[in-house]
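The values are calculated or read from the model by the stated rules, or taken from the named source; none is laboratory data. Only a predicted model underlies this, so the values are computations on that prediction, with no experimental measurement involved. With ideal geometry, Cβ positions are generated from the backbone for all residues, glycine too; neighbour counts draw on all protein chains shown.
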Amino acid sequence: MWREFGHFGFAIEVACMKNQDMQESFVEKLKSLRNGLKEAFPTIDVHNLLKIMNKLAHYHYNKSKFYMIGVEKEVYNFLIENGYNPYTVYRWLLLEKVPEDIRFRLKQNELTQKEAMAKACSRRKETDESLGLQ
């Protein structure tokens, strides 16, 4: 197929395969990361991982504004040594919190990760408005 369209066709094919692999495997990658963190840091509560990853994700891109010490710095180094981008891991954790129907559409490749997050945020906003919380 890529011979007909030259390098452009090959690039599209590679991009499609990479996107498909990413859609399928972020849940698996997150599970393996959690297992690795449990082994390396048994004192860390996995349920509080979202709070820790929030700090690490923002530290990763704004190192001059933040200072990391203790366990957070060790977790950051663990992520970097094992080839994980802390901000990407944070986005994966946020995607776990989206409603089940949106997550299903994400797994079926009907939505991108960015679209799934946008739909979840708009739905949460609609729910808050209907309950009179805003």
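The sole residue among Tyr84, Tyr90, Tyr59, Tyr76 that is in contact (Cβ under 8 Å) with a residue 12 or more places away in the chain, assigned to a loop (DSSP other than H, G, I, E, B) and crowded, with 16+ Cβ neighbours inside 10 Å is Tyr84.
Here is a yes/no grid of residues against (1) under 17 Å from the mean Cα position of the chain (by Cα); (2) more than 20 Å from Val27 (Cα to Cα); (3) not aliphatic (A, V, I, L, M):
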site	(1), (2), (3)
Lys51	yes, no, yes
Asn54	yes, no, yes
Pro86	yes, no, yes
Tyr90	yes, no, yes
Leu95	yes, no, no
Pro99	yes, no, yes
Arg103	yes, no, yes
Gln113	yes, no, yes
Gly132	no, yes, yes
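On the stretch given as segment 68-114, residues that are hydroxyl-bearing (Ser, Thr, Tyr) and in contact with a Pro (Cβ under 9 Å, 6 or more places away or on another chain) total 1. Residues that are part of a helix (DSSP H, G or I) and at pLDDT 70 or above are absent from segment 5-24 altogether.
Would you say Ile69 is more than 23 Å from Ser32 (Cβ to Cβ) and buried (at least 18 other Cβ atoms within 10 Å of the Cβ)? Judged against the criteria, Ile69 is not a match. Quick one: is Glu81 more than 21 Å from His47 (Cβ to Cβ), at pLDDT 90 or above and not aromatic (Phe, Trp, Tyr)? Against the criterion (more than 21 Å from His47 (Cβ to Cβ), at pLDDT 90 or above and not aromatic (Phe, Trp, Tyr)), Glu81 qualifies.
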